[in-house]
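Below is one structure, written out as C-alpha cells; comments come after it.
The values are calculated or read from the model by the stated rules, or taken from the named source; none is laboratory data. None of these values were measured; they are calculated from a predicted model. Cβ atoms come from the backbone with ideal geometry, glycine included; neighbour counts cover every protein chain shown.
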Amino acid sequence: MNATITTEARTHADSQGEVMTTRTTTTGAPVAGGGPSPALKRIVGIARSETKRLARWTFAGVGLGVIAFFALLATVVAFVAGNTGPRMGAMAGSSVDLESSLGIVAGLAMAADLIGIVILALWAAAVSSDYSTGWVRITVQAEPRRWRLVAGKLLTLTVFTLIATTIATVISVVAAPLLANAAGVSTAAWSAGTVGTIASAWFNLAVAVLVWGTIGFTIAIVTRSAIVAIAGGIGYLMVFEGLLGMVADELTTYLPGSILDAVVAGGNATLAYGPALALAALFGAAAIGISTLVFSRRDVTS
Amino acid sequence: MDHTPAVAVRTQGLSRSFGDIVAVKELDLELPAHGVIGFVGPNGSGKSTTIRMLLGLIKPTDGQAEVLGQSISHPERYADRVGALIENPAFVPDITGRANVEAMALLRGVPMSRVDEVLEIVDLTDRSDSKVSDYSLGMKQRLAIAIAILPDPELLVLDEPTNGLDPAGIVEVRELIRQLADEGRTVIVSSHLLSEIEAAADHLIVIRSGELLFVGPLAELLEQEQRYVDVEPEDQAQLERLAECYRAEGLDIEPENGGYRVLADPAEAGRLNGIAADAGILLRRVVPRSETLEDVFLRMTADPDGPAHLSRAA
C-alpha cells in the first residue's frame, strides 16, 4: 500500500509557471531533463491520453466504419447512378468525369460531404463528452494551461481524421476499377499519373474534412453540446448555405461549404484551387482560434 | 512532501457571484497543511464554487487566494502538486477503469507504474480491467480517488466523495481519506453532511450561503455544543408554575414537547428536580441531554445569526 511516486516523474513549477521536469540522482542532486520542451511533451501526453479515451469501439470503431461505408456507398453511386442522382459532392460528375484520369477518385470526391459530416459529428462528440462526463473538470485541474488541452485534443483528432481519410481513399480507389468494369466505364485514362491523382485527392479530402472537424470542434466548445454542434454545423453547411445560394449565389462563394467543395474538386468554376485552399486554412485557423480563446477564458462549471 | 508550506490554503476576501447570486462572499481562510480538513455546509452553500476557484476552474470576482503558497491566478504553478475529485466522478464509461486511470496518467505525465500503485491503494486491482459502466457507485468513487491521487499530491481535494455510497462504502472512503492524510498529505473533504466527515476531520470549515460560519479545529466546534435538561410535570396544569420556579432561579427555559427545555448542565438535573419538588410539583420526566456535533452543525447552518456566536469565524 505504498502511495508515493518516484521522484523521476515529479514535476515542479518554476517562477514563470512553466513546468520543469527534474530527475533525482542517487545522491539526490536534480539534473535538468533534456529532449523536447516541457510544453511539447505535455501536449503529446495529452494527445496520447485522448487517444486512450477515443480508441474505443463506440467512437473510433463506429466512426471509421461509417466513414468506410460512406466512401464505398458514394463510389457505388458515382459509377452506378452517374450524374442522375442528387448533387452529393463537388465532383459528383458525369460519365466524362469517370473516364478521365480523375475517374478513379470520383467516388471519393462524391463522399467528401458525407465524410465531412461524420468527422464534424465525431469531433463535436469528442469535445462535448468531456462536458457531459465531467472529464473536463479534472483535465483542466490537471493542466490549467488550457491551450495545451486544446492542442493535444486537436492533435489526436487530426491523426484520427487522417487515418479515416486514408481508409476512405483506399476503399474508394480499390472499389473504383471493379465498379467501372461493371458499369462499362472505360479506365484507359486512369493509369496516367494515378499515384499523384490519388495523393492529391487524399490531400484535398483531408483538408476539407479537417476544416469540417474544426467547425464541429468549435461549435461544441462554444455550446458544450454535441447535438447542437452537429445540428448547427450540418444545418448551416447543408441547408443555410444552400438557401443563401438560391437568393444570392455570389455570396456563398466565400463561405465554408462552397470553399470546401472547391478544395475537394481541386478548384472549380467559382473558386480556383489556391484561393480555396487558403480560405479553407483561414476558416480552420479561425475556428481553432475561437475555440482556444473560449475554452481558455470560460469558467468550468460543468 | 518536504516542500509543503505550513499553510495549505489561504484566502482573503474570496468572492464569486453568478449574476445577482452571491455564491461565495468574502471568504477568509487559513488552512493548515497536513491532516484532514472537513469543508461542510448545506447544498448550495458555496463549497463547490470555493473548491473550483482554488483549483483554477473558475475565477473569483473579488479577493485572492493561495494554494500551497502559489496564487490561484497561476494554477499551473501548483496543479502538479494537487489532486482532485470534483463533484461526481468523471470517466469514459465504456472503457476499463485501468484505461481511464492510464488516460489521466498520460495527461499528467505520470509514469504508468503509478497506475498499478493507485489502483492497489483504492483496492480496485482485481476489477481494473472491467468497464467502468459495470462498476458500482462505490467502485466509481474509489476509481475517482485513484485518479485524484495519481500525481502523489501534497494537497488532495475531494468534493462530496461519499455521494451515493452505502454505509459500508462511506466507511471505506473515510478510512482511505485518513490513510492518505496519515501519509503526510493535506486532504480537504467537502460534504453537506457533517456526520460523513466528522470521524476523519482534524479541522473544519463550515459555510452557509457563501459565508463562513466556522473555521478551526474540530474540538473547538465541539465546545459549542449546547447542554440542557428536558423536564415535564406530571400535571400539565402546573406548567406555568414550573416555569416561574425555574425563572426565579435565573434559568433559561424554552417550551419543549409538553414540558420545558432548561438550558443547564446535565449535572444540574437533580437540582432541577429538587426545585420542582420544593414547589410541590411532581416531574414525570427529567432527561439530561447534550447536542451532537450534527445538532451543532444543523443549528449553525440554520441560524441566520450564526456567525455572531462563533468566535473563530472571520
Specify the residue that is farthest from B:D129 (Cα to Cα); the eligible residues are those in segment B:84-103 that are hydrophobic (A, V, I, L, M, F, W, C) and more than 7 Å from every other protein chain (Cβ to nearest Cβ).
B:L85
Which of the residues belonging to segment A:160-212 are of a type in the set (V, I, T), free of Cβ contacts under 8 Å to residues at least 12 places away in the same chain and farther than 14 Å from A:L108 by Cβ?
A:V195
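Would you confirm, using the coordinates I've provided, whether A:A125 is closer than 30 Å to B:A144 by Cα and in a helix (DSSP H, G or I)? Talk me through it step by step, then tell me what you get.
On the way: closer than 30 Å to B:A144 by Cα: yes; in a helix (DSSP H, G or I): yes.
Judged against the criteria, A:A125 is a match.
Could you please find all residues in segment B:38-67 being assigned to a loop (DSSP other than H, G, I, E, B) and within 10 Å of chain A (Cβ to nearest Cβ)?
B:L55, B:G56, B:L57, B:I58, B:K59, listed by residue number.
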In segment B:143-167, what count of residues is obtained for those that are touching a residue at least 60 places away in the same chain (Cβ under 8 Å), assigned to a helix (DSSP H, G or I) and facing chain A (nearest Cβ under 10 Å)?
2
Which condition number in (1) farther than 28 Å from A:I46 by Cα; (2) within 11 Å of chain A (Cβ to nearest Cβ) is the one that B:R174 fails?
(2)
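Given A:V173, A:V228, A:V195, which one is among the aliphatic types (A, V, I, L, M) and crowded, with 20+ Cβ neighbours inside 10 Å?
Details: A:V228 fails: crowded, with 20+ Cβ neighbours inside 10 Å; A:V195 fails: crowded, with 20+ Cβ neighbours inside 10 Å.
Result: A:V173 is the single residue among A:V173, A:V228, A:V195 that is among the aliphatic types (A, V, I, L, M) and crowded, with 20+ Cβ neighbours inside 10 Å.
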Restricting to segment B:131-140, name every residue that is part of a helix (DSSP H, G or I) and either crowded, with 17+ Cβ neighbours inside 10 Å or within 11 Å of chain A (Cβ to nearest Cβ) (or both).
B:V132, B:S133, B:G138, B:M139, B:K140
I'd like to check something: does segment B:231-250 contain any residue that is under 30 Å from B:E198 (Cα atoms) and in a helix (DSSP H, G or I)?
no
Within segment B:104-123, tally of residues that are touching an Asp or Glu at 6+ places or on another chain (Cβ under 8 Å), more than 9 Å from chain A (Cβ to nearest Cβ) and in a helix (DSSP H, G or I)
1
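Looking at the structure I just gave you, is B:S128 surrounded by 20 or more Cβ atoms within 10 Å (Cβ to Cβ) and either more than 27 Å from A:V300 (Cβ to Cβ) or not assigned by TED's automatic domain parsing to the domain that holds B:G216 (or both)? So that I can check it myself, show each step before the final result.
Working: surrounded by 20 or more Cβ atoms within 10 Å (Cβ to Cβ): yes; either more than 27 Å from A:V300 (Cβ to Cβ) or not assigned by TED's automatic domain parsing to the domain that holds B:G216 (or both): yes.
Criteria met by B:S128.
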Selection from segment B:168-194 of residues out of contact with any strand residue (DSSP E or B) (no Cβ under 8 Å at 6 or more places or on another chain) and either surrounded by fewer than 17 Cβ atoms within 10 Å (Cβ to Cβ) or assigned to a loop (DSSP other than H, G, I, E, B) (or both) yields B:A168, B:V171, B:E175, B:Q179, B:D182, B:E183, B:G184
Out of (1) surrounded by fewer than 21 Cβ atoms within 10 Å (Cβ to Cβ); (2) farther than 30 Å from B:K59 by Cα, the odd one out for A:D299 is which?
(2)
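Identify, please: which residue in segment A:128-149 is part of a helix (DSSP H, G or I) and of a type in the set (K, R) and is, among those, nearest to the chain's Cα centre (by Cα)?
We begin by selecting, within segment A:128-149, every residue part of a helix (DSSP H, G or I); these are A:128-133, A:135-142, A:146-149.
With the extra rule that they be of a type in the set (K, R), the set shrinks to A:137, A:146, A:148.
Details: A:R137: 25, A:R146: 20, A:R148: 18 Å.
Once the filter is applied, the top-ranked residue is A:R148.
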